Amino acid sequence: MNDLTETYRESRGRDWAAFGNVSDPPPDYWNWWEEHSSGWKVPIQFLQPIGQEFRSELDALNDLMQSLNAMEQVSTPPIEWIHITYIDVGFLRPTDVLWSQVESFYVNAAPRIRRVEPFSIRITGLSISEDGEIYLGVDDSGNYRSLRRQIRLGVPFIAQKANEDSAVISDEDMFIPRLPIGFTTGHGNRKELLDNLSEYRDIDLGEFIPPNMKLARLPIQPHDHYSPIDVVAEIPLLGANHRKGYHN
């Protein structure tokens, strides 16, 4: 186990303990989102739509998702919706992100993203955040941090927003990727939820090789939290080959 893998594992452990150290009912995640999103504005994100890219490979998640569906404490998305967000660009609103800016984010980020070598990730371990996000760990050997750095270098708007990113401390990126698979509803008992989740804490879905990096619009709405992800742009990882030929 390398140092970063252990760091990620320890972070999942801290999240689990923090959630369990409160006796109140679980939070209502989507109430939190309504406040966070300035009234259900649409987020723009660099994300990895794992559920779309590896639908058949995620059959191993079926037992866990069925278990989550049976709990009153949890709301679950369809498999096709689950994704890793590695940069939350912002919300479509006049004081944040304008739709006319989104293409420029792609144009400026793509040449930098192509410099990153293709990599694999391992989806392993389960935990839950204090705000009620049930998630799987993503062991990426720090590659999403490399992508985040390249995107910050290429997109001044995102570089400026990094100053507000709690994962970026004095230009050192402490980002830890994760794959959300469920969200608490505000109902039921917190301890019962953890007891039901505990048998899955060491889940291991194996390795995956992300095919492309994606910029997307995530049309989360109050009446449908899991509307389909709208992929705006796809960027391949070319690594050492990024200077060979023309890449649109």
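The values are calculated or read from the model by the stated rules, or taken from the named source; none is laboratory data. Just so we're clear, the structure is a prediction, and the values are computed from it rather than from any experiment. Because the Cβ atoms are built from the backbone with ideal geometry, glycine has one as well, and the counts that use them run over all protein chains shown.
Quickly run through the stretch 84-126 and pick out the residues that are outside any loop (DSSP other than H, G, I, E, B), polar (S, T, N, Q) and under 17 Å from Ile50 (Cβ atoms).
Filtering the stretch 84-126 down to residues outside any loop (DSSP other than H, G, I, E, B) leaves 84-92, 97, 99-113, 121-126.
Filter again for polar (S, T, N, Q), leaving 85, 100-101, 104, 108, 124.
The answer is Thr85, Thr124.
Among Val89, Val138, which is the only one that is among the hydrophobic types (A, V, I, L, M, F, W, C), touching a strand residue (DSSP E or B) at 6+ places or on another chain (Cβ under 9 Å) and farther than 19 Å from Tyr200 by Cα?
Criteria check complete, one pass: Val89.
Restricting attention to the stretch 155-177, does a residue exist that is part of a strand (DSSP E or B) and either of a type in the set (Phe, Trp, Tyr) or touching a residue at least 24 places away in the same chain (Cβ under 8 Å) (or both)?
In the first step, residues of the stretch 155-177 are kept if they are part of a strand (DSSP E or B); the result is 168-169, 172-173.
If we keep only those that are either of a type in the set (Phe, Trp, Tyr) or touching a residue at least 24 places away in the same chain (Cβ under 8 Å) (or both) as well, we get 173.
Looking for residues that are part of a strand (DSSP E or B) and either of a type in the set (Phe, Trp, Tyr) or touching a residue at least 24 places away in the same chain (Cβ under 8 Å) (or both), one finds at least one in the stretch 155-177, hence yes.
Among (1) closer than 30 Å to Val22 by Cβ; (2) in contact with an Asp or Glu (Cβ under 8 Å, 6 or more places away or on another chain); (3) at pLDDT 95 or above, there is one condition Pro222 misses while meeting the rest; what is its number?
Here Pro222 clears every test but (3).
If we only count helices (runs of 4 or more DSSP H) wholly inside the stretch 1-77, which ones have 1 or more residues that are within 18 Å of the chain's Cα centre (by Cα) and of a type in the set (Gly, Ala, Ser)?
So the answer is 3-20, 50-53.
For the subset of the stretch 152-187 comprising residues that are of a type in the set (Phe, Trp, Tyr) and within 23 Å of Arg201 (Cα to Cα), which member is surrounded by the fewest Cβ atoms within 10 Å (Cβ to Cβ)?
Phe175
Is the stretch 83-99 home to any residue that is modelled with pLDDT under 95 and among the polar types (S, T, N, Q)?
Yes, some residue in the stretch 83-99 is modelled with pLDDT under 95 and among the polar types (S, T, N, Q).
Spot the failing condition for Arg148; the list is (1) more than 29 Å from Met65 (Cα to Cα); (2) under 14 Å from the mean Cα position of the chain (by Cα); (3) not in a helix (DSSP H, G or I), and only one is missed.
Result: Arg148 fails condition (3) only.
Taking the condition crowded, with 18+ Cβ neighbours inside 10 Å, polar (S, T, N, Q) and closer than 30 Å to Ala240 by Cα, does Gln45 pass?
Answer is yes for this residue.
Among the residues of the stretch 69-77, is any hydrophobic (A, V, I, L, M, F, W, C) and under 22 Å from Asp139 (Cα atoms)?
For the stretch 69-77, residues hydrophobic (A, V, I, L, M, F, W, C) and under 22 Å from Asp139 (Cα atoms): absent.
Every residue in the stretch 142-154 that is in contact (Cβ under 8 Å) with a residue 60 or more places away in the chain and either touching a Lys or Arg at 6+ places or on another chain (Cβ under 7 Å) or farther than 22 Å from Pro111 by Cα (or both), please.
Ile151
If you go through the stretch 98-109 one residue at a time, do you hit one that is acidic (Asp, Glu) and surrounded by fewer than 18 Cβ atoms within 10 Å (Cβ to Cβ)?
If we filter the stretch 98-109 for residues that are acidic (Asp, Glu), which is where we start, we get 103.
If we keep only those that are surrounded by fewer than 18 Cβ atoms within 10 Å (Cβ to Cβ) as well, we get 103.
Within the stretch 98-109, one or more residues are acidic (Asp, Glu) and surrounded by fewer than 18 Cβ atoms within 10 Å (Cβ to Cβ).
Considering only the stretch 46-65, I want to know if a residue exists there that is more than 18 Å from Ile123 (Cα to Cα) and out of contact with any strand residue (DSSP E or B) (no Cβ under 7 Å at 6 or more places or on another chain).
The answer is no; no qualifying residue exists.
How about the stretch 125-141: which of its residues are buried (at least 20 other Cβ atoms within 10 Å of the Cβ) and not acidic (Asp, Glu)?
Matches in the stretch 125-141: Gly125, Leu126, Ser127, Ile128, Gly132, Ile134, Tyr135, Leu136, Gly137, Val138.
Quick one: in the stretch 205-227, of everything that is touching a strand residue (DSSP E or B) at 6+ places or on another chain (Cβ under 8 Å) and of a type in the set (D, E, K, R), which residue is surrounded by the most Cβ atoms within 10 Å (Cβ to Cβ)?
Here the residue is Lys214.
Quick check, is Tyr144 surrounded by 20 or more Cβ atoms within 10 Å (Cβ to Cβ) and among the hydroxyl-bearing types (Ser, Thr, Tyr)? Break it down stepwise before answering.
Numbers: surrounded by 20 or more Cβ atoms within 10 Å (Cβ to Cβ): yes; among the hydroxyl-bearing types (Ser, Thr, Tyr): yes.
Answer is yes for this residue.
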